[in-house]
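Derivation of every value follows stated rules applied to the coordinates shown; laboratory data play no part. A quick note: this is a predicted structure, and the numbers were derived from the prediction, not measured. Neighbour counts run over all protein chains shown; Cβ positions are idealised from the backbone, glycine included.
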Amino acid sequence: MDTERLYFSDAYLTRFSARVIARAERGGRPAVALDQSAFYPEGGGQPADAGTLGGVAVLDVQADDGLVWHTLAAPLDADVVEGQVDWARRFDHMQQHHGQHLLSAAFEQLFGLKTVSFHLGAAAATIDLAATALAAEQAAAAEDLTNQVIWEERPVLARFVTPEELARLPLRKPPQVSGAVRVVSVPDFDHSACGGTHPRATGGVGLAHLRRWERRGEVVRVEFVCGGRALGDLRWKNAALARLAGALSVGADEVEAAVARVREAEERQRKRLELAADQLIGLEARDLLSNAEARGELRVVRRAFAGRGPEELRALAKAIAGLGGVALLGGRAEKTQLIFARAEGLALDCGALLRATLAPLGGRGGGQPALAQGGLPDGAQLEAALDAALARLANE
Ligand SMILES: [Zn+2]
């Protein structure tokens with residue numbers, strides 16, 4: 001015999017009595033099938049119900065060949081059991097699931113956008129629309145129409161129909177099952193083949209809100225919240241906005257303007273810092289060059305720095321070159337780097353000098369005659385490498 005699905009006729013039934021008609025092990029846990037059950041088995045994008053059977057927690061519910069199987073946390077010996085469905089979880093699923101029916105109908109009626117799939121997760125519910133773009137005005141219009149139908153408190157009718165009646169109904173979503181087809185209808189709005197659980201009237205959805213949407217290949221994925229989830233969403237957004245307003249010492253309606261002011265101030269400070277850093281590098285280059293060693297006609301700054309990265313060293317080397325000198329600089333930060341630079345017009349090939357310096361030490365690098373950069377495998381080689389480069393200069 002098959003399990004009689006009590007939720008088909010009454011989605012609000014949470015307590016029931018049933019007889020165990022089969023026992024099995026599913027996923028390493030005990031499971032029972034009942035002669036009748038109010039538990040919704042996972043399907044149609046709606047997760048399985050939770051609850052208890054004979055006081056034992058129901059971990060999963062799956063339909064299998066006419067039977068509804070309840071996977072249990074512990075073995076259940078009794079042949080007649082009391083079932084209790086977790087109503088908070090079920091009603092949340094009913095709100096999201098029926099909200100999806102209405103949203104999908106609204107998108108189709110207003111813009112001819114078909115829903116190709118639906119996902120109801122623990123945190124978010126989404127529908128995929130057959131579209132490559134969705135304008136904010138379209139989303140708002142579909143949201144408005146959905147909530148209008150919710151607030152009109154229209155009845156939600158679920159019934160099994162004959163093939164003749166099925167042929168006459170303008171179904172938005174065609175049946176995916178053979179045999180008896182259950183149709184869920186909102187008069188003058190939507191008819192869908194569906195085996196899921198729905199509120200008695202559209203008002204049960206409470207509120208439908210589209211949180212965001214994005215293109216994903218050939219579909220637009222729309223994330224939405226209904227009913228209790230919409231309330232929860234509003235609650236945390238209000239709390240987050242209040243915290244932001246408090247941190248910025250402004251009213252909630254002034255947060256955007258206050259953030260814009262903070263970002264402008266940050267940008268001004270960044271530019272000032274950049275300018276100050278340039279000036280400092282220029283002063284440092286001048287100072288280093290005044291103490292430079294003479295090698296023939298060249299004035300050479302040979303210097304190793306700890307904790308200075310390649311970008312800063314490059315800026316310093318360029319500044320020294322810009323003042324007419326030659327820079328043989330090394331830095332030990334995350335990596336050990338050598339940076340050589342020379343003034344325009346000097347007969348020195350920095351790239352060749354760098355490669356000749358690095359080669360015996362196992363380092364790698366290269367560059368142009370005016371500027372070259374490379375790395376050493378071992379920071380302890382830095383002083384010796386700079387000395388070797390300087391000696392090579394003297395010999396040229
Ligand atoms: Zn449904």
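Details
- Label-to-label distance, nm, for residues given as Q62 and A141 (7 Å Cα→Cβ offset): 4.4 nm
- Estimated FRET transfer efficiency (V262, A242; beta-carbon r; R0 25 Å; 0.05): 0.90
- Available extension along the chain between L157 and L13 is 50.2 nm, counting 0.36 nm per residue and deducting the alpha carbon span.
- Taken about its Cα centre, region 281-395 carries a charge dipole of roughly 100 debye when the Cβ of each Lys and Arg holds +1 and the Cβ of each Asp and Glu holds -1.
- GluC sites (Glu not before Pro) restricted to DSSP loop in region 1-83 with at most 14 other C-beta within 10 Å: E42
- Counting 0.36 nm for each residue step from A88 to A380 and taking away their Cα separation leaves a gain of 98.5 nm.
- For K114, the lysines whose Cα falls under 23 Å of its own Cα, not counting residues fewer than eight places away in the same chain, are K173.
- Residue (of I320, A38, G330) at the positive-pole extreme of the chain, dipole from beta-carbon charges: I320
- A crude spin-label estimate for the pair R216 and A133, with each label 7 Å from Cα along the Cβ direction, gives 2.1 nm.
- Partners for K318 among lysines (Cα-Cα distance below 26 Å; same-chain residues under 8 apart left out): K271, K335
- Among V58, V149, V262, residue whose mean-square fluctuation peaks in a GNM of the chain (springs only between Cα atoms under 10 Å): V262
- Choice from I320, I127, I150 showing the highest fluctuation, given a GNM over the chain with Cα pairs closer than 10 Å: I320
- Of the Cα atoms belonging to region 91-235, the radius of gyration and Dmax stand at 14.6, 48 Å.
- Rounded to whole Hz, the Karplus (6.51, -1.76, 1.60) HN-Hα couplings of region 86-103, x for glycine and proline: 5, 5, 4, 5, 4, 5, 4, 5, 4, 5, 5, 5, 6, x, 5, 3, 5, 4
- Dipole axis of region 46-179 (+1 Lys, Arg; -1 Asp, Glu on Cβ), positive-most option in T146, P174, G112: G112
- Using the rule -39500 (n - 2.57) for each DSSP H run of four or more residues, divided by the residues of the chain, the 222 nm mean residue ellipticity is -12000 deg cm²/dmol.
- Here the simple spin-label model places points 7 Å from the Cα toward Cβ, and for A277 and A122 these points are separated by 4.4 nm.
- Whole-Hz ³J(HN,Hα) from phi, Karplus 6.51 cos²θ - 1.76 cosθ + 1.60, for region 187-199, glycine and proline x: x, 6, 9, 8, 10, 9, 6, 7, x, x, 9, 9, x
- Selected from A208, A347, A260 as most flexible by GNM, with the chain as the system and alpha-carbon contacts under 10 Å: A347
- Förster radius 41 Å - calculated FRET efficiency between D253 and A201, Cβ distance, rounded to 0.05: 0.70
- Dimensionless Rg/Rh of the chain - Kirkwood Rh, Rg from C-alpha atoms: 1.31
- Length-normalised contact order for the chain - Cα pairs under 8 Å, 6+ apart - percent: 9 percent
- Here the Karplus relation 6.51 cos²θ - 1.76 cosθ + 1.60, evaluated at θ = phi - 60°, turns the backbone of region 117-128 into coupling constants of 7, 9, 10, 10, x, 5, 9, 9, 10, 9, 10, 9 Hz, with x for every Gly and Pro.
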